[in-house]
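See below for the structure under consideration.
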Amino acid sequence: MGGFGSNKIASNPVTDKLRSGQPAVGTWLSLCSPVAAEIMAGIGWDWLVVDAEHSPVGFETMVNCFRAAQLGGAVPMARVPWNDTVWIQRTLDAGALGLVVPMVNTAEDAKGVVSNMKYATKGQRSFGGSRVAAYIDGDYRTWTDENLAIIVMIETAQAVENAEAILAVEGVVGCFIGPNDLALSMGLSPRDTGPGTAHEAAMMEVLAAAKKTGKAAGKHCFSGAEVTLRIGQGFQFLALSSDAGLMAMAARQAFTAIDFTGGSGGSAQDAQGKLY
């Protein structure tokens, strides 16, 4: 994000990237830890999404995760539990500069998301201020009209059918495919996904709708290689795993590298330089 920190920003770097056709890559925060959020922000992600849908994160902890993300220079965002007026407005007031909203299946659903994220006369968001307003260069109310990253989730077969209409809704910046829920909706198992499958074809259908409407398509990815592949295909709003997933992967790799027999009996220095 180029050092948000305590600086005032004139525009949202994520929204700017998506509208200009560039990729914006981030990860999910599901450990419910501001310390983990601060560490992740320092990696260099464009954005960090606090997952309030599928983690036990509390509201006050979410606010502190936003602060930690901001401190490290990443755009603070959240996935709210549902397309719900109260959740959307409170999370924006808490300092999110964008939201990922689940289970958007129709254009009417998408219009509801936009309405909940915009102030009158374009929406129904109630004005009560936002803790992030002090870091905005300008009036927060007018700034949000163009700068909030409004990302709707397309994660059902119905949403795929309606993808073009959903993405054509004014105010929607982009969409985010939930590959697992999409597979469930299509009656598929994880073995039925990947190149050449109906699941992959459905995701490409969403990507085509995004390109046609001039909006950004995104997806949850499971490896850096997949992020690279999807960027090449034209996806933009891309998530790589999560803080919990990345921690588990690194821990698993380190643990499986241990030889509990002691190997050749070499010293710790042989194994990794001057260890102690």
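The values are calculated or read from the model by the stated rules, or taken from the named source; none is laboratory data. Computed from a predicted structure; not experimentally measured. Note that we place each Cβ from the backbone using ideal geometry, even for glycine, and neighbour counts take in every protein chain shown.
Could you grab me the full set of residues in region 246-276 that are exposed (fewer than 10 other Cβ atoms within 10 Å of the Cβ), of a type in the set (A, V, I, L, M, F, W, C), modelled with pLDDT of 55 or more and over 32 Å from the mean Cα position of the chain (by Cα)? Of everything in region 246-276, those that are exposed (fewer than 10 other Cβ atoms within 10 Å of the Cβ), of a type in the set (A, V, I, L, M, F, W, C), modelled with pLDDT of 55 or more and over 32 Å from the mean Cα position of the chain (by Cα) turn out to be Ile258, Phe260. Where in region 1-99 are there helices (runs of 4 or more DSSP H), lying wholly inside it, with at least 3 residues that are under 21 Å from Lys111 (Cβ atoms)? Ranges flagged: 13-19, 85-93. When we screen Ser30, Ser20 for residues that are surrounded by fewer than 24 Cβ atoms within 10 Å (Cβ to Cβ), of a type in the set (S, T, N, Q) and under 24 Å from Thr156 (Cα atoms), the only hit is Ser30. Given the criterion touching a residue at least 24 places away in the same chain (Cβ under 8 Å), of a type outside the set (S, T, N, Q) and within 20 Å of Ser11 (Cβ to Cβ), identify the matching residue among Val63, Val57, Val114. The match here is Val114. Take the residues of region 221-241 that are in contact (Cβ under 8 Å) with a residue 24 or more places away in the chain and surrounded by 21 or more Cβ atoms within 10 Å (Cβ to Cβ): which is farthest from Arg19 (Cα to Cα)? The extreme case among them is Ala239. Of all the residues in region 140-165, those that are surrounded by fewer than 16 Cβ atoms within 10 Å (Cβ to Cβ) and of a type in the set (Val, Ile, Thr) number 1. Among the residues of region 73-83, is there at least one that is farther than 19 Å from Ala244 by Cα, modelled with pLDDT under 95 and touching a Phe, Trp or Tyr at 6+ places or on another chain (Cβ under 6 Å)? Yes, there is a match, as at least one residue in region 73-83 is farther than 19 Å from Ala244 by Cα, modelled with pLDDT under 95 and touching a Phe, Trp or Tyr at 6+ places or on another chain (Cβ under 6 Å). Tell me, which residue of region 125-139 that is touching a helix residue (DSSP H, G or I) at 6+ places or on another chain (Cβ under 6 Å) and buried (at least 16 other Cβ atoms within 10 Å of the Cβ) is farthest from Met77 (Cα to Cα)? Per the criteria, the residue is Arg125. Just checking, does region 90-112 include any residue being touching a Ser or Thr at 6+ places or on another chain (Cβ under 9 Å), among the hydroxyl-bearing types (Ser, Thr, Tyr) and surrounded by fewer than 19 Cβ atoms within 10 Å (Cβ to Cβ)? Within region 90-112 (the criterion being touching a Ser or Thr at 6+ places or on another chain (Cβ under 9 Å), among the hydroxyl-bearing types (Ser, Thr, Tyr) and surrounded by fewer than 19 Cβ atoms within 10 Å (Cβ to Cβ)), the answer is no, since none of the residues qualifies. Ser115 satisfies every condition listed in (1) of a type in the set (Gly, Ala, Ser); (2) part of a helix (DSSP H, G or I); (3) surrounded by fewer than 20 Cβ atoms within 10 Å (Cβ to Cβ); (4) in contact with an Asp or Glu (Cβ under 9 Å, 6 or more places away or on another chain) except (4).
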